[in-house]
Amino acid sequence: MPVADLISRLPGIPAVLDRCRALAMLDAVLAPVWADRCYSCDSRWAPGEVMASMRDGSGNAYRIVFSAAGAFATGFDHESALSPYRPGPGLGRPWPGLLDGVPEAFRAQLAEPAFCDGDGDGVPEATVCFWREAADPAWHTGNPAPAPDDGGAARLFGVLLDGSPEAYRSFAEEYYEVDVALDAVRHVYALRPLTRQVVRALNPHLELAAPAGDVAEIGYPTGS
């Protein structure tokens, strides 16, 4: 799926943030140890910023930073031909045109050390990039040169784009190798406050109070 198709199907910024919180909350219940999770959301990332992320344990990841300026996302597929680690004359540089047109409001995200390579060269680990300023009516992307693949857009953002509890359940049952209660997933996707019944339906070994710290970090509604 070309990134242009991906962003044409994404909802607005608030709905994307809601999906990110739900994904992170579900993973926090299914995987109490943070290092075991795929989806996370940090509402304390920086003053006025929320950072949602995905990492699949195989070197692929995405990051979306939400702020008053809007939302800025990068994704990295380590097997993509668009990788800055690709062999040849482009080694160590972003794919041509991938980052074209990034608004000034988001330029700092391109230099964020947490989103760049670990060699200190400041090269963004990105094979996908898109953004939406707060007043924009649509998402935008750069003008990447023709490439042999989509940069991992479909694989990285598929669950987020689908936006359905069923898509998350399919992912989670494969990723965590457990049965996942669909009604409980629907409860969390609706951003309803966690209950003991919902927590235990997702993870029979977890008590309601256990993910309290994650609830606060994610910014998940508590109903209080």
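Here are some notes:
- Of all residues in the range 56-84, those satisfying the criterion of being of a type in the set (D, E, K, R) and under 22 Å from ALA4 (Cα atoms) are ARG63, ASP77, GLU79.
- Members of the range 197-207 found to be out of contact with any His (no Cβ under 7 Å at 6 or more places or on another chain) and either surrounded by 14 or more Cβ atoms within 10 Å (Cβ to Cβ) or closer than 18 Å to ARG19 by Cα (or both), listed by number: VAL199, ARG200, ALA201, LEU202, ASN203, LEU206
- Set VAL215, VAL178: member being of a type in the set (A, V, I, L, M, F, W, C), more than 16 Å from CYS20 (Cβ to Cβ) and out of contact with any strand residue (DSSP E or B) (no Cβ under 9 Å at 6 or more places or on another chain): VAL178
- Scanning the range 57-80 for residues that are surrounded by 15 or more Cβ atoms within 10 Å (Cβ to Cβ) and assigned to a loop (DSSP other than H, G, I, E, B) yields a count of 4.
- Residue match in the range 90-103 (condition: among the hydrophobic types (A, V, I, L, M, F, W, C), in contact with a helix residue (DSSP H, G or I) (Cβ under 6 Å, 6 or more places away or on another chain) and closer than 23 Å to VAL159 by Cα): no
- Residue check, ALA4 farther than 17 Å from GLY163 by Cα and in contact (Cβ under 8 Å) with a residue 40 or more places away in the chain: yes
- Filter result (under 19 Å from CYS20 (Cβ atoms) and among the small types (Gly, Ala, Ser)) within the range 139-160: GLY152, ALA153, ALA154, GLY158
- Per-region count, the range 5-14, residues closer than 17 Å to TYR62 by Cβ and either among the charged types (D, E, K, R) or assigned to a helix (DSSP H, G or I) (or both): 5
- In the range 28-38, the count of residues that are in a helix (DSSP H, G or I), of a type outside the set (A, V, I, L, M, F, W, C) and modelled with pLDDT of 95 or more is one or more.
- Look at the range 33-44: where a residue is within 17 Å of VAL178 (Cα to Cα) and a partner is in a helix (DSSP H, G or I), sitting 6+ places away or on another chain with Cβ atoms under 7 Å, you get ARG37/ASP27; ARG37/ALA28; CYS38/ASP27; CYS38/TYR175; TYR39/LEU23; TYR39/ALA24; TYR39/ASP27.
The values are calculated or read from the model by the stated rules, or taken from the named source; none is laboratory data. Note that the structure is predicted; figures quoted are calculated from it, not measured. Positions of Cβ are generated from backbone atoms using ideal geometry, with glycine treated the same way; all protein chains shown enter the neighbour counts.
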